[in-house]
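> Pasting a structure below so you can have a look.
The values are calculated or read from the model by the stated rules, or taken from the named source; none is laboratory data. Model, not experiment: these values are computed from the prediction. Cβ atoms come from the backbone with ideal geometry, glycine included; neighbour counts cover every protein chain shown. The accessibility values were calculated without ligands, DNA or RNA, using every heavy atom of the protein model including side chains. Shrake-Rupley method; radii C 1.70, N 1.55, O 1.52, S 1.80 Å.
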Amino acid sequence: MTSSSDSNRDGESHSKWLDAHYDPVAGLNTFSSCIALADLHGDGDYKMVAGDMGNGPYNMKLKVYKGTSLLSENSLLDLPTGVATFLMDQNEPRTPAVAVASGPFIYVYKNLRPYFKFTLPAMEVNTIEKEVWDQAKEDKIDHMTLKEMLEGIRDKAEIPLSVRSLRYLMLEAQEMEAFVNTYKQQPLKRQTVITCMGTMKKNMADEDAVCCLVIGTESGEIFILDPEAFTILTRVSLPSVPTLLDITGQHDIEYRITVACRNGNVYILRRDSKRPKYCIELSAQVVGLVRVQKNIMIGTSQEMLHGYSQKGKKLWTVKLPAAAMTMSLLEQKSRSIQAVLVGLKNLEVHLYRDKNLISVISTPDIVTGLCFGRYGREDDTLIMTTKGGGLLIKILKRTAQFDDKDTAPGPPTGQSVKLNVPKKTKLYVDQTLRERENAVAMHRVFQMDLYRLRLTAARAYVKALDASLAPVSATMQEQLTLNAAVQGIGPRFKLILNIQNTSVNRPSMQLLISFLYDERLYQIKPAFFKVPLLVPGLNYPLETFVDCCSDKGISDIIKVFVLKEGRSTPLLTAHINMPVSEGLVSS
């Protein structure tokens, strides 16, 4: 008994995690997509918001936890498929709203009170189906004839049946007549439901920036909603039903949406594309989808963890010890660490950085939901929900160190990877013989192309010197160098010109500086001034101010000319790439 307790203490001392709380009877049945952490009241105390599935079709609730206790709960009318917290506007105080996807609706809560309900747009109804229900409404056909006609439409029609018709076909014969009498007077509608939901920054990458909602529907579409008016900004169709989303970027600038679909494929969407840009074809269903920096980590039902580039190129594959149940991102901002948490069926949670296993967490039950982030006053908190409805909270130690090496037992994974050595094809052998026979001619062609490249570069250099387009003068009479620096964030910039006389004993006199710029964007005062006498070897900083006149967030090039009195061609030319004026953009 003493030896076992000592081993437990040793395991806890070497563990990277602190056991903060475990409630096996919390009654929280949820998944990773329905858990979010947010500062709901703006007091720095982060709460956990979870969509509870309840028991079957009953007791669905939106629960809010503070610490280890339940703070509040709201009843839901349908099963939640996603929970997200986001900032809707710039109003003070900056408290996030809570969005809950449930059925065809998104329920938005502010200050934990109902604020708005968004409904997905209705879909086109099958005209033949509508005519059949109109005949039933006028009592022209009985309920058995109605069933036969709907079954014929279901097998042949391109537009699927509505939910009412599908539910009617599932009923027993004695229940059909009552169902028809109840619903025949109501208009026929075909409504899709939400399958997944996420958030996307609208126009800024800041942590407290306004976010748009991104939702996937059963009809195989992706919608991006405006955060204030809840209008549809973007609508993209997919080949299959989306189940998981991962979003990066800003809607008004550039973004990527990685979508795992029910057909086992992963599609990558980009801004202004009406169809997926890239497609990753997998041999099994996707269980988890997480983006780590520029790579995409995909867990499948075949106990595999794959790594792909953001263009869909496969990088590596890791065999998992058990089936993956859920996945989530671990991001420790204080140390700039990003890794992937994978909940397994063998009562373990594995932490992977790329393909290296860096930590293993043992759990008392199968983990179905994972969420890592700031909870309460702790920055690095891991929240886990179990299959039996339990709630498990762990805190990452501040002294925890993650090694880059793989901690999995056995030989390194690279040892078992076979080198992909290509076979010598007939084309390869023919090319080798051709290079042996024509080696001298091929070398001459290469040398000829190299001489042409050098000649082209020399001509371009001479042209730049003749037109005085370089920041170094080419004349022996005025040997000058010029470089420029821009200071400030806008709308007013300080432009510093460092001009130097590089001659040995010849001073430079009667020099002028002029600027060429777009007057719609900038104002320079003064835009033309004289240069004092330049003593050889000394650096002369000349300062002027540039005012940005545009609030469109664009920039341009300002050309600087060093002139000599009495000459029409400039001695020096410098091109200054001006930065975007952040002052006007933020205002």
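> GLU519 to ALA460: FRET efficiency via 1/(1 + (r/R0)^6), r the Cβ-Cβ distance, R0 30 Å, to the nearest 0.05? Display every interim value, and only then the final one.
Working: r = 31 Å, r/R0 = 1.02.
Efficiency, from the Cβ-Cβ distance: 0.45.
> What does the charge count near MET325 come to, summing +1 for each Lys or Arg and -1 for each Asp or Glu among other residues with Cβ under 9 Å from its Cβ?
Charge balance near MET325 sits at +2.
> Moving on. Between the stretch 302-322 and the stretch 103-180, how far is it from one alpha carbon centroid to the other, in angstrom?
41
> Based on the Kirkwood radius over alpha-carbon pairs, what is the Stokes-Einstein translational diffusion coefficient of the chain at 37 °C with 0.692 mPa s viscosity, in µm²/s? Intermediate values should be presented prior to the final figure.
Numbers: Rh = 30.2 Å.
Stokes-Einstein gives a translational diffusion coefficient of 109 µm²/s.
> Sequence-distant or interchain residues sharing an amide H contact under 5 Å with LEU542, placed H: which?
It is LEU497, ASN498, ILE499, by chain and number.
> Continuing with this model, one more query. Sum -39500 (n - 2.57) across every DSSP H segment of at least 4 residues in the chain, then divide by the residue count to get the 222 nm mean residue ellipticity, nearest 500.
The per-residue figure over the chain is -5500 deg cm²/dmol.
> Can you compute 3J(HN,Hα) from phi for each residue in the stretch 508-523, using the Karplus curve 6.51 cos²θ - 1.76 cosθ + 1.60 with θ = phi - 60°, rounded to whole Hz and x for Gly and Pro?
10, 10, 6, 9, 10, 10, 10, 10, 10, 7, 7, 6, 6, 9, 10, 10
> Here's something else I'd like to know. Given a 1.4 Å probe and heavy atoms of the protein chains only, how would you sort GLU207, GLU218, largest accessible area at the top?
If we order GLU207, GLU218 from most to least accessible, we get GLU207, GLU218.
> Step through the residues of the stretch 146-158 one at a time and calculate ³J(HN,Hα) from phi using the Karplus curve (6.51 cos²θ - 1.76 cosθ + 1.60, θ = phi - 60°), rounding each to whole Hz and writing x for Gly and Pro.
Going residue by residue, I get 4, 5, 5, 5, 5, 5, x, 5, 4, 7, 10, 6, 7 Hz, with x marking Gly and Pro.
> For THR127, THR243, THR326, what's the largest-to-smallest order of accessible area, 1.4 Å probe?
Values: THR127 90, THR243 45, THR326 10 Å².
Result, largest first: THR127, THR243, THR326.
> Here is a further query. Using the Karplus curve 6.51 cos²θ - 1.76 cosθ + 1.60 with θ = phi - 60°, work out ³J(HN,Hα) for each residue of the stretch 373-382 in order, rounded to whole Hz, and write x for Gly and Pro.
x, 7, 9, x, 10, 9, 6, 10, 10, 10
> Among rounded, prolate and oblate, which fits the stretch 251-340 when a ≥ b ≥ c are the square roots of the eigenvalues of its C-alpha gyration tensor, a/c under 1.5 means rounded, and a/b larger than b/c means prolate?
Oblate.
> Long-range amide H contacts for ASP556: which residues qualify at under 5 Å (H placed 1.01 Å from N, peptide plane, sequence gap of 5 or more or a different chain)?
MET578
> Give me the percent of the accessible area of the chain that comes from carbon and sulfur atoms, probe 1.4 Å, all protein chains in place. Display every interim value, and only then the final one.
On the way: 16980 of 32680 Å².
The computed percentage sits at 52.
> On to the next question. Which value, in Å², gives the accessible area per residue of the chain when a 1.4 Å probe is used on the protein heavy atoms? All intermediate terms of the calculation are to be shown ahead of the outcome.
On the way: 32680 Å² over 587 residues.
It amounts to 56 Å² per residue over the chain.
> Which order do you get for SER334, SER165 if you rank them by accessible area with a 1.4 Å probe, largest at the top?
I get SER334, SER165, largest accessible area first.
> Still on this structure, please answer the following. Work out the length of the dipole vector of the stretch 220-347 about its Cα centre, built from +1 on the beta-carbon of each Lys and Arg and -1 on the beta-carbon of each Asp and Glu, and round it to the nearest 20 debye.
460
> Which residue, chosen from CYS212, ILE194, PRO239, occupies the Cα position most advanced towards the positive end of the dipole of the stretch 186-321, where the dipole is computed from +1 (Lys, Arg) and -1 (Asp, Glu) charges on Cβ about the Cα centre?
The residue sitting most towards the positive pole is PRO239.
> In addition: Relative to the longest principal Cα axis of the chain, at what angle does helix 127-137 sit, 0 to 90 degrees, rounded to 10?
Once rounded, the angle reads 30 degrees.
> Which cross-chain or sequence-distant (5 or more) residues have an amide H under 5 Å from the amide H of CYS549, H modelled 1.01 Å from N in plane?
TYR522, GLN523
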